[in-house]
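Participant: Got a structure for you, questions after.
The values are calculated or read from the model by the stated rules, or taken from the named source; none is laboratory data. In this text the structure is predicted, and so the values were computed from the model without any measurement. When we count neighbours, we look across all protein chains shown, and the Cβ atoms used for this are built from the backbone with ideal geometry, even at glycine. In case anyone asks, the SASA skips ligands and DNA or RNA and just uses the protein heavy atoms, side chains included. Shrake-Rupley method; radii C 1.70, N 1.55, O 1.52, S 1.80 Å.
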Amino acid sequence: MRSAFRAAMACLLLLWLPQLYAADTGWLQSPQNTHAKVRFQAEPSGNETQVLLSVSLEKGWKTYWRSPGEGGVAPVIEWQDSAVPAQWFWPTPSRFDVAGLTTQGYHDEVTFPIVMTGTSPGTLSGTLTLPTCSNVCILTDYPFQLDLTATGDKAHFSRQFSIAMGKVPIAQGLTDSASAAYRQGSLVVSASREQGWQRPALYIDGLEGSAFGKPQIKIDGTKLSATLPVTDEWGDAAGDISGKTLSLVLADNGIAQQLDLSVGKLTGAAGGSAVALWPIALMALAGGFILNLMPCVLPVLGMKLGSILQVEQRDRRSVRVQFLASSAGIITSFLALALLMTVLRYTNQTLGWGIQFQSPWFIGLMVLVTALFTANLLGLFEINLPSRMTTRLATQKRSGLAGNFAEGAFATLLATPCSAPFLGTAVAFALAASLPVLWGLFLMLGIGMSLPWLLIATWPGLALRLPRPGRWMLRLRVAMGVLMLAASLWLLSLMQNHLSADIVIGIAALMLLALVVASLKRYGRRNTAVALCIGLLLGGLLMLVAAFFFSGSSKPLQDEIAWQPLTEQAIKTALADHKVVFVDVTADWCVTCKANKFNVLLRDDVQQALSDKNVVALRGDWSRPSKSINEFLQKRGSVAVPFNQIYGPGLPAGEILSPLLTRDAVLQGLKNAQGEK
C-alpha cells in the first residue's frame, strides 16, 4: 500500500513539474567550463515574451556588466530569429579591481530579465556567449531552446520576473539632481540627495573612443562628486566628450538609479561643484601678491630698489614710468605662461606650475643669469658689451624701460617654483577651466604680483621719500648681491637631479672662487678678506639660529619615516589592508615643499604618527619629469606641488590637504582617516 502511494505521488510530481517549468531549459553546463552554469525560462505575456537568464558562478569567478570597464566583454545572445527585438535589463553590478584595472560585473548568482516584443514564436532558441573570469578568462557558448507553446504556472514565473526586475536600477527616486562635466582627461559627475549618502557607487557606460577609470568619490553633506580619469581605448589622451550623452548607474545602500546625462564643460576646480569665479579671482590676486614675499623674488625686489636709488634726478614721472614698465613685465610674463598652458592643453601635454624647473637647460640659464646679476650687484664689473640684450638684462643705468620690463619678467620666472594656499587653489582652478577663465585668472595672478609695483607707480612719492644716494646705498647693494648669490647657489643645487653631486659642488666652488678673484682685483686683499670673514660669520650664525629654531630638542632634525614609492596600486593595496595612507608629492625646486618638510613633516610628533605600523607613507618626487606623477596629480585636479593627500578606512576617497601644511592638519587628517574602531 505504501509503495503504491509513493508511485502515485511520483507520477503526479512528474506530471506537475513539466507544467510548472514548461518553458525552462533547466541548468545548462558546458564541458569546456565547469565554473559556470546557466538557465533560461520564458513566458509569453500579451504582445511580448518575458525571458529570465540566470547565471550561477563558482566562488572566485565573475562575469561582466553591459559595459565591462577597462577589461572583459559583456554577455550576448545570438537569437535564431534575429527579427524579434530583445531588450536586456541589467541588474546593478559590482566593481572588481585586478592588476590595476577596474571592471564592472557580477559574482555568485545573477538573473537578467529580457523582454522580446512582438508575436511570440512557438520556439525560442539561440546561443548565449558568456564570459567568465578568475585568474584566467573563458568565453563559453550555451545553445538553448525553449518551447513557448507549453503551459506553466504563470503566477510563479511572474513573481520570479518581478524579483529580477526589482534588482534593475530605477529611472528616478535616488537623486534630487545630477550633472556631468568634462575637462581634458577628467570627467566629474555631481549629484545631490536630501537624505545624504552612505556607501555610494558609480558604474558608467563606455562611450565610443573613450574609456573611464575608477571613480574617486567625495561626499560633502547632501552633495556627491565623483571624478573619473578618461582616456581613449588604447590608454592615450582622450578626445573631447563634451556635448555627448552619458549613461550611468548611481547606487547607494541597495537603491540604484539609471541616469542619462548630457556632458557639459568643466569650468571649476576638480570636484565638480560649481564655484563662483570671484572668490577664485581674489585668491589669484592674493596669491600673486604673496609671491613678492617669497625668497625667490626678494633679490629681484632688492635690485629694483637699487635701481631707483641710483637715479640722480628722481622725479615722479621717471619713477612712475619705471615701475609701470616692471609691472608690464610681470603681467606680460603671466600672460605668456597662460599662452604656454593653452598650447600644452591643445597638444595634450603636461600642465603644471613651475615645471620649467624640471629642465636642466632652464636651470642652467637661470644660474648663469643670476650669477651675472650677483657680480654686477657686488660691483665687480659694469657690463658694457656689444650685445644690447645682455646689456639690458645686466645693467641698470643703461637699460632704460627694457631693463625695467626685464626685471618684472625675471621676477616672474623666479617666482614660479613658489606656491601658497591661495596660489595653488587659483592655478589648479585656472588650468581646469575654460580658456577665457584660464587667461583671466593668469591675468589676475600677474596683477596680484605687480600690486607693490603698481602702488609705487600710482603714488611715486613713496619712492621719492627714499634717502639720497650715499655710502649706505653701496652697502645695501652688496646685501642685495648676497641675496642674489644665495638664489644662484640654490638654483645650482637643483642641478643635482641631472648631474652628479661632485660636478655640482665643483661648479659652485668655481663660481665662488671666481667671485673671490674678481673681488681681489676690484677691492684688494684687505677688503676681500674682511668681506669673507663677515660672510663666514654670518653664515655660521644663520646655521646656529636655524639649528636652534628647528631642533626643539637636542636631537638633530632627520627624516625617520620609511617612505615608499608613490603608485596608485600602493594606495589600493594599503586600503585593502585597512591602513592609513599619507601621500607627499614634492620637488627639490619647490620652496613651499621645503617649508612643509622643515616646519611640519620633520617634527617629532608628526614623524611618530607617520611611522606608525598602521600608516603607509608614499612619496613622489617631481623634481624631474615623471609621467606617472603627472597622471597621479591630474586625476586629482592638481597641477602644482606640494601636494598632500590622506586615505584610510575613514577617508576611502581621500582628503587633499592645503599646500601649506600645518601640524594640526596632518595629525587630525591621520586621525580622521582611521575611522571608527
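Participant: So, R0 is 60 Å and r is the distance between the beta-carbons of Glu568 and His156; what FRET efficiency does that work out to, to 0.05?
Facilitator: 0.80
Participant: With labels modelled as points extended 7 Å from the Cα through the Cβ direction, what inter-label distance (nm, one decimal) is found for Asn672 paired with Lys59?
Facilitator: It is 3.8 nm.
Participant: Let me ask something additional. Excluding residues fewer than 8 places away in the same chain, name every one of the lysines whose C-alpha is closer than 22 Å to that of Lys594.
Facilitator: Cross-link targets: Lys555.
Participant: Please report the net charge: other residues with Cβ closer than 13 Å to the Cβ of Leu146, K and R +1, D and E -1.
Facilitator: -3
Participant: Taking the Cα centroid of region 552-625 and of region 434-452, what is the distance between the two, rounded to the nearest whole Å?
Facilitator: 33 Å
Participant: Now for a different question. To the nearest Å, what is the center-to-center distance of region 195-225 and region 165-189, using C-alpha atoms only?
Facilitator: Each part's Cα centre sits 7 Å from the other's.
Participant: Check which residues have an amide H placed less than 5 Å from Leu187's amide H, if you skip close sequence neighbours.
Facilitator: The answer is Leu228, Val230.
Participant: Taking amide hydrogens as modeled 1.01 Å from N in the peptide plane, which residues meet the under 5 Å criterion relative to Ala23, leaving out close sequence neighbours?
Facilitator: Ala42
Participant: Hey, another quick one. Restricting things to alpha carbons, find the Rg to Rh ratio for region 620-668 using the Kirkwood radius for Rh.
Facilitator: Rg divided by Rh gives 0.99.
Participant: If I stretch the segment between Asn47 and Val478 completely, what's the gain in nm (0.36 nm per residue apart, minus their alpha carbon distance), one decimal?
Facilitator: Between Asn47 and Val478, full extension yields 145.7 nm more.
Participant: Give the carbon-plus-sulfur fraction of the accessible surface of region 101-258 in %, rounded to a whole number; probe 1.4 Å, heavy atoms of protein chains only.
Facilitator: Whole-percent figure for carbon plus sulfur exposure: 49.
Participant: Apply the Karplus curve 6.51 cos²θ - 1.76 cosθ + 1.60, θ = phi - 60°, to the phi angles in region 116-125 and return the couplings in whole Hz, x for Gly and Pro.
Facilitator: Here the 3J(HN,Hα) series is 10, 8, x, 4, 5, x, x, 10, 10, 9 Hz.
Participant: Roughly speaking, what is the stretch gain from Asp604 to Ser628, that is 0.36 nm per residue apart minus the C-alpha to C-alpha distance, in nm to one decimal?
Facilitator: On the way: separation 24, 0.36 × 24 = 8.64 nm, distance 3.09 nm.
Answer, rounded to one decimal: 5.5 nm.
Participant: Can you list residues from other chains, or at least 5 along the same chain, whose modelled amide H is less than 5 Å from the amide H of Thr123?
Facilitator: Sorted by chain and number, the residues that satisfy this are Leu148.
Participant: For region 553-671, give the share of DSSP beta bridges that are antiparallel, in percent and rounded to the nearest 5; count only bridges with both residues there.
Facilitator: So the antiparallel bridges in region 553-671 amount to around 45 percent.
Participant: Quick one: what are the phi-derived ³J(HN,Hα) couplings along region 531-536, Karplus 6.51/-1.76/1.60 with θ = phi - 60°, whole Hz, x for glycine and proline?
Facilitator: Once θ is set to phi - 60°, the couplings for region 531-536 become 4, 5, 4, 4, x, 5 Hz.
Participant: If you take every residue apart from Gly173 with its C-beta less than 14 Å away from the C-beta of Gly173, what net charge results, scoring Lys and Arg +1 and Asp and Glu -1?
Facilitator: So the surrounding residues net to -2.
Participant: Which FRET efficiency value, to the nearest 0.05, do you get for Trp361 and Ile505 by plugging their Cβ-Cβ distance into 1/(1 + (r/R0)^6) with R0 = 22 Å? Don't skip to the answer; put the middle values down first.
Facilitator: Numbers: r = 20 Å, r/R0 = 0.93.
E between Trp361 and Ile505, to the nearest 0.05, is 0.60.
Participant: Expressed in nm to one decimal, what extension gain is obtained for the pair Asp220 and Val343 from 0.36 nm per residue of sequence separation less their Cα-Cα distance?
Facilitator: Here the segment from Asp220 to Val343 would lengthen by 40.8 nm.
Participant: Calculate one ³J(HN,Hα) per residue across region 46-53 by plugging θ = phi - 60° into the Karplus curve 6.51 cos²θ - 1.76 cosθ + 1.60, and present them in order as whole Hz with x for glycine and proline.
Facilitator: x, 8, 8, 10, 9, 10, 10, 10
Participant: What is the diffusion coefficient of region 575-672 in µm²/s, taking the Kirkwood radius over Cα pairs and the Stokes-Einstein relation at 25 °C with a viscosity of 0.890 mPa s?
Facilitator: 179 µm²/s
Participant: Of Lys635/Lys671; Lys223/Lys671; Lys62/Lys572; Lys167/Lys627; Lys59/Lys167, which sit over 32 Å apart, Cα to Cα?
Facilitator: Correct reply: Lys167/Lys627.
Participant: Along the Cα-to-C-beta direction of Gln195, a point sits 7 Å from the Cα; which residues of region 91-131 have their amide N less than 19 Å from that point?
Facilitator: 92-93
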